[in-house]
Amino acid sequence: MIDPMTMTARKIAADVASGSLHPHDVTDAYLDHIARLEPQLNAFAWLDPDAARAGAEAAVQGPLAGVPFGIKDVFDTVDMPTGYGSAAYAGSRPVRDASAVHLTRMAGGIALGKTVTTEFASAAPGPTCNPFDPARSPGGSSSGSAAGLAAGFFPLAFGTQTSGSTVRPASFCGVVGYKASRGLIDRTGVKPLAESLDIVGVMARDVRDCALFASVLARRNDLALTDDTIELPRVGLFAYDLADTPSTASMDILDNVAGILGGVETLAKPDWWDDLGQAQADVFAWEASAALGPERDLHWGLLKPRSHEFFARHEGITFERWRAGINKRDSAMADLDSLFGDCDLLITQAAPGEAPIGLGATGAAAYNIRWTLLGTPSLSIPAGLGPSGLPIGIQLVARPGDDARLLACAAAIEDILRLADVVVRPERIAIPHAS
């Protein structure tokens with residue numbers, strides 16, 4: 001029996017490899033589930049059930065054999081339109097897959113469709129709602145991927161992160177969102193936004209599935225995990241209110257996790273920490289104004305109003321401010337010992353709290369931007385429910401390049417929370433089934 005809400009990618013791949021499960025049966029189960037919920041969720045920018053079923057023909061071997069996955073619509077795909085969330089690219093057909101998509105297909109994954117993104121993965125949201133409360137945002141820019149995972153549309157999905165576009169929606173939707181160290185996963189064929197910041201995001205419903213997916217994309221078997229017990233290293237608590245409207249619930253959940261883990265050291269902020277927020281904003285503004293220059297200059301009338309506002313905020317950005325932001329980043333990276341101390345892993349906020357009400361914005365990235373600038377690997381895991389019964393995640397951060405340790409520790413913490421009977425996501429999604 002295939003349950004799209006609970007079956008892991010690991011189980012699907014193992015059963016397909018053993019011959020006890022056929023990829024067609026997997027694909028049909030997920031497509032039937034999607035047909036009931038997608039009209040209300042709006043997670044897909046492109047969905048062609050016949051093409052997905054055809055893709056199942058070749059998905060009989062590899063580490064992701066028979067595993068359905070969603071592709072954020074900023075990744076090029078040769079067999080599906082790639083619109084980057086914008087009317088300016090409606091119907092555009094790239095001539096090749098993005099490298100990450102190609103690797104996933106070669107590993108046996110079944111591409112179900114393209115998931116909704118904000119326009120160019122920047123500011124203007126699409127129509128996707130939060131599956132646990134349709135009146136709330138799923139976060140962004142990886143909106144459709146996070147919401148689709150939470151709703152059981154696929155076990156794996158692609159995101160990207162330039163500020164907080166993987167970690168934050170994962171927190172809002174109660175799934176796992178992993179931002180790898182800079183350079184670990186190839187970005188060829190992914191729409192550029194800011195060269196110094198852009199990262200391919202990996203999303204799943206649990207950490208071990210996320211690690212399996214990451215191992216394929218990074219071509220590193222050491223990132224994949226077994227079900228064995230994992231011992232935690234020294235963990236530090238890094239908890240500071242940085243958002244305009246921080247949530248008491250987010251802080252409470254972070255403190256609760258620290259208490260469950262035990263022996264967690266509370267860390268102080270380095271002197272340079274606060275300045276990194278403006279540094280990331282300046283680097284982002286300078287680089288995005290170049291990367292999206294053709295869209296701004298040639299397709300202004302086709303862009304969404306929030307994209308117009310996005311460009312307006314970047315007017316006047318100078319090379320000197322970009323250079324100063326890069327210098328602050330480099331100085332901080334040379335002094336990471338003052339951030340981590342004796343710890344190998346940090347736990348901190350993933351988002352200000354529960355998903356915000358309304359679909360016109362995607363929530364604050366205040367708890368993500370500095371880690372993105374530094375290039376540290378970070379990962380959000382669901383860790384509790386807020387006052388409205390919606391999921392809230394915590395963010396785990398490791399030193400640059402220490403992705404294997406991060407994934408292993410995240411799986412260990414996930415196991416500990418499960419044993420402690422911590423409720424990390426609502427039992428039911430709130431969107432009604434189509435009649």
Within the range 295-309, can one find any residue that is open to solvent by less than 50 Å² (accessible area, probe 1.4 Å), out of contact with any Lys or Arg (no Cβ under 7 Å at 6 or more places or on another chain), basic (Lys, Arg) and at pLDDT 95 or above?
no
LEU217 buried (at least 16 other Cβ atoms within 10 Å of the Cβ), farther than 30 Å from SER99 by Cβ and not aromatic (Phe, Trp, Tyr):
no
Contacts under 7 angstrom Cβ, first residue in the range 40-54 being farther than 24 Å from PHE132 by Cβ, partner part of a helix (DSSP H, G or I), 6 or more apart
PRO49/LEU31; ALA52/THR27; ALA52/LEU31; ARG53/HIS24; ARG53/THR27
Residue ID - least open to solvent (accessible area, probe 1.4 Å), chosen from residues in the range 330-355 that are without any contact (Cβ under 8 Å) to a residue 12 or more places away in the chain and charged (D, E, K, R)
ASP330
Being of a type in the set (Ser, Thr, Tyr) and over 20 Å from PHE44 (Cβ atoms) is the filter here; which residues of the range 12-34 pass it?
SER18, SER20
Pick out the one residue from ALA268, ALA312 that is closer than 30 Å to ILE230 by Cα, open to solvent by 20 Å² or more (accessible area, probe 1.4 Å), of a type in the set (A, V, I, L, M, F, W, C) and without any contact (Cβ under 8 Å) to a residue 12 or more places away in the chain.
ALA268
Quickly run through the range 167-196 and pick out the residues that are basic (Lys, Arg) and either in contact with a Leu (Cβ under 8 Å, 6 or more places away or on another chain) or surrounded by fewer than 21 Cβ atoms within 10 Å (Cβ to Cβ) (or both).
LYS179, ARG182, ARG187
Is at least one residue of the range 45-61 part of a loop (DSSP other than H, G, I, E, B) and open to solvent by less than 10 Å² (accessible area, probe 1.4 Å)?
yes
So for the range 70-84 (the condition being touching a residue at least 40 places away in the same chain (Cβ under 8 Å), assigned to a loop (DSSP other than H, G, I, E, B) and surrounded by fewer than 16 Cβ atoms within 10 Å (Cβ to Cβ)), does at least one residue qualify?
no
Do the conditions hold for TYR30, that is, is it assigned to a loop (DSSP other than H, G, I, E, B), within 27 Å of ALA135 (Cα to Cα) and modelled with pLDDT of 95 or more?
no
Out of (1) over 30 Å from ALA408 (Cα atoms); (2) open to solvent by less than 10 Å² (accessible area, probe 1.4 Å); (3) touching a residue at least 24 places away in the same chain (Cβ under 8 Å), the odd one out for TRP371 is which?
(1)
Please verify whether the range 123-141 includes one or more residues that are of a type in the set (Ser, Thr, Tyr), buried (at least 24 other Cβ atoms within 10 Å of the Cβ), closer than 25 Å to ALA107 by Cα and under 11 Å from the mean Cα position of the chain (by Cα).
no
Of the residues PHE153, PHE120, which is in contact with an Asp or Glu (Cβ under 8 Å, 6 or more places away or on another chain), modelled with pLDDT of 95 or more, more than 22 Å from LEU223 (Cα to Cα) and outside any helix (DSSP H, G or I)?
PHE153
Taking the criterion of being of a type outside the set (Lys, Arg), under 30 Å from LEU37 (Cα atoms) and open to solvent by 30 Å² or more (accessible area, probe 1.4 Å), would at least one residue in the range 413-421 satisfy it?
yes
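The values are calculated or read from the model by the stated rules, or taken from the named source; none is laboratory data. Note that this is a predicted model, so its numbers are computed, not measured. Neighbour counts run over all protein chains shown; Cβ positions are idealised from the backbone, glycine included. Ligands, DNA and RNA are stripped out before the accessible areas are found, and what is left, the full protein with its side chains, is counted by its heavy atoms. Shrake-Rupley method; radii C 1.70, N 1.55, O 1.52, S 1.80 Å.
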